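Below is one structure, written out as structure tokens; the observations come after it.
The values are calculated or read from the model by the stated rules, or taken from the named source; none is laboratory data. These figures come from a predicted structure and were not determined experimentally. Here the Cβ positions follow ideal geometry from the backbone for every residue, glycine too, while neighbour counts run over all protein chains shown.
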Amino acid sequence: MLAQIIQNLPQVLIDGLTLGVVYAVVAIGYTMVYGILELINFAHGDVFMTGAFIGATVLFLMLGMGFLAAMPALIVFLIVIVVAGIATGLLGVGIERVAYRPLRRKNAPKLIALITSIGISFVLEDAVRFIAELKTGNYIVTAPSMFNHKFTLDIHHIMPFFDNATFQSSFLLVLAVTIVMLVSLDLFVNKTKWGMAMRAVAQDRDTASLMTINVNRVISVTFFIGSALGGATGVLFMIQYGTIDPYIGFILGIKAFTAAVLGGIGNIRGAMFGGIMLGLLEMFAAANLSLITHGAMGAEYKDVFAFIILILVLIFKPEGLFGKAVVEKV
Amino acid sequence: MTEPIAKHFLEVNKIDSYYSQIQALNGIELYIDQGEIVTLIGSNGAGKSTTLKSISGQVRPKKGSIIFDGRDITKFPAHQTAGLGIAQVPEGRRIFPRLTVRENLQIGAFSVKDKSVIAHRLERVFTYFPRLKERLNQKGGTMSGGEQQMLAIGRALMMKPKLLMLDEPSMGLAPIIVEQIFDIIKEMNKEGMTILLVEQNAFQALQIADRGYVIQTGQIVLEGKGDELMKNEQVREAYLA
């Protein structure tokens, strides 16, 4: 049995990493907003989904105008992801303005904001479904296939205890783009003035305002970045998995949120790590559960496995793996 | 000739402020002239902090007006008031615990774009608080109470404020540290800084203040020169006993 698990490992790593980086970027959107507002923005998963649909729309438009044939696929992809990122960034800023800021101004309890975010989530799902059905007659959309060149990682040849693994060129694209996003965000938050303002607002909003920081503007910037990253990841998801529907954001959002909790909610690097770990665990479970349980549980139990890990981590380390551990003297 | 809008550097004109539904200030009136140290003393819950927060824009008064440097700032949000040059060192210091000492100081100069200006101000803060220089890369939250207070004052100085408001700088600190802090407050004032000092530690505050106000249940009940208030029977009984 162990030999088989090891044989699978290269493929598990590739699939797990693909899924994991997607979780990681979406998890960042949850963790950033939580860090600043202590709000679990349940609409974030649907911002991710909206990003996928905006990306598909742009892609179809470009296809219709013949750009897809005329331009290198990479350029088309970059245009699609940038447009979708900016559009979802603005969507996030708009959601905050319309739904969360008025509640904050009235000092509404945090629970109200949470319920509101669930409401926004439904609104986005149904709005996207409505538009998609209106335009295409079906709310399940299959994007034009891109980056589908298949590669085989001939690892068996070098290390005979591994099986060969296969992947599409989209895997490399997803990996490259998410790594660029993760690294730039980390640099932005830790090395720039606005990043510092963001951390200050997350730690003490009232005092930050005494430092001439416009807290509402920092919150808008936070929503823009988190949502733009989420939307751009939606485009990656569409390209990697091909088919999208208005409900892909729900379960993926819950899992990304789980990843954020796993890494320690409010901690950006924690969310990155939590996302990748969750993706790997999930794919490991999908590949091996049936093997381990002698067929009693199939791959469909992978989510249970991932959440059991989460529960175990939280029992022994409730603040998450990278939870804040700074001792604050009074 | 028309009379100027404001005679003083800072004028607080009969303000009423509320915390949710509860009235915390009831017609507070005070002024500060340039170069003065003015202290606001009173017991816990009298409305000292609310007065400061009303000036800095963290609490918006329902009635009355606040004029600073000839400008009506009554309705300014906190970041705009701060932008005009009013710095507040909040009660309990409120430094950013997970920012480093350097970042805590840099954020005080958030509105400054010129890096050489920031560097220059940093040096100036170090002349007052040399200890901070040794701790630049430490997280703010890991410092002792006295060091945090120094950092909070240093952070406010990074704004190069025209008016510095200190809320209970002596709170929770050992007497020897309090002594140091008050010496520095005096020194900053000598160099021209206008200061509004809120204190429960009335004796020490009145010693260094030009003038003082005594606040009780949201109202100013006494005002006068520092040394006069110190001799006042009422003040002695209530706050200096």
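List of remarks:
- Meeting the requirement of 2 or more residues that are surrounded by fewer than 16 Cβ atoms within 10 Å (Cβ to Cβ), the strands (runs of 3 or more DSSP E) wholly within region B:166-241 are B:219-225.
- Selection over region B:121-160 of residues that are in contact (Cβ under 8 Å) with a residue 60 or more places away in the chain, surrounded by 20 or more Cβ atoms within 10 Å (Cβ to Cβ) and under 15 Å from residue B:191 (Cα atoms) gives a count of 1.
- Restricted to helices (runs of 4 or more DSSP H) entirely inside region A:214-330, those with at least 2 residues that are within 14 Å of chain B (Cβ to nearest Cβ) and crowded, with 17+ Cβ neighbours inside 10 Å are A:215-241, A:268-292.
- Leading residue by the ranking (farthest from residue A:263 (Cα to Cα)) among those in region A:296-312 that are touching a residue at least 12 places away in the same chain (Cβ under 8 Å) and touching a helix residue (DSSP H, G or I) at 6+ places or on another chain (Cβ under 6 Å): A:299
- Selection from region A:197-213 of residues that are facing another protein chain (nearest Cβ under 7 Å) and buried (at least 23 other Cβ atoms within 10 Å of the Cβ): A:200, A:207, A:209, A:210, A:211, A:212, A:213
- Scanning region B:37-61 for residues that are more than 14 Å from chain A (Cβ to nearest Cβ) and either assigned to a strand (DSSP E or B) or within 14 Å of residue B:12 (Cβ to Cβ) (or both) yields B:37, B:38, B:39, B:40, B:41, B:47, B:48, B:51, B:61.
- Of the residues making up region A:138-150, none is over 29 Å from residue A:71 (Cα atoms), of a type outside the set (Val, Ile, Thr) and at pLDDT below 95.
Yes or no, residue by residue, for (1) farther than 30 Å from residue A:2 by Cβ; (2) basic (Lys, Arg):
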{"residue": "A:116", "(1), (2)": "yes, no"}
{"residue": "A:124", "(1), (2)": "yes, no"}
{"residue": "A:132", "(1), (2)": "yes, no"}
{"residue": "A:135", "(1), (2)": "yes, yes"}
{"residue": "A:144", "(1), (2)": "yes, no"}
{"residue": "A:148", "(1), (2)": "yes, no"}
{"residue": "A:152", "(1), (2)": "no, no"}
{"residue": "A:160", "(1), (2)": "no, no"}
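Matching residues to (1) hydrophobic (A, V, I, L, M, F, W, C); (2) at pLDDT below 95:
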position: B:153; (1), (2): yes, no
position: B:161; (1), (2): no, no
position: B:207; (1), (2): no, yes
position: B:228; (1), (2): no, yes
position: B:231; (1), (2): no, yes
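- So residue B:180, is it modelled with pLDDT of 95 or more and under 30 Å from residue B:106 (Cβ atoms): no
- Within region B:95-140, tally of residues that are farther than 22 Å from residue B:181 by Cβ, away from chain A (no Cβ under 13 Å) and either in a helix (DSSP H, G or I) or not polar (S, T, N, Q) (or both): 4
- Criterion (closer than 12 Å to residue A:256 by Cβ and among the hydrophobic types (A, V, I, L, M, F, W, C)) met by exactly one of A:12, A:26, A:58: A:26
- Helices (runs of 4 or more DSSP H) fully within region A:93-200 counting 1 or more residues that are among the hydroxyl-bearing types (Ser, Thr, Tyr): A:110-136, A:169-191
- Checked against the criterion of being touching a residue at least 60 places away in the same chain (Cβ under 8 Å), among the hydroxyl-bearing types (Ser, Thr, Tyr) and more than 19 Å from residue A:121 (Cβ to Cβ), the candidates A:293, A:243, A:233 yield just one match: A:243.
- Within region B:141-150, one or more residues are away from every other protein chain (no Cβ under 11 Å) and in contact with a helix residue (DSSP H, G or I) (Cβ under 9 Å, 6 or more places away or on another chain).
- Note on region B:68-94: among residues that are assigned to a strand (DSSP E or B) and surrounded by fewer than 17 Cβ atoms within 10 Å (Cβ to Cβ), the one that is farthest from the other protein chains (Cβ to nearest Cβ) is B:72.
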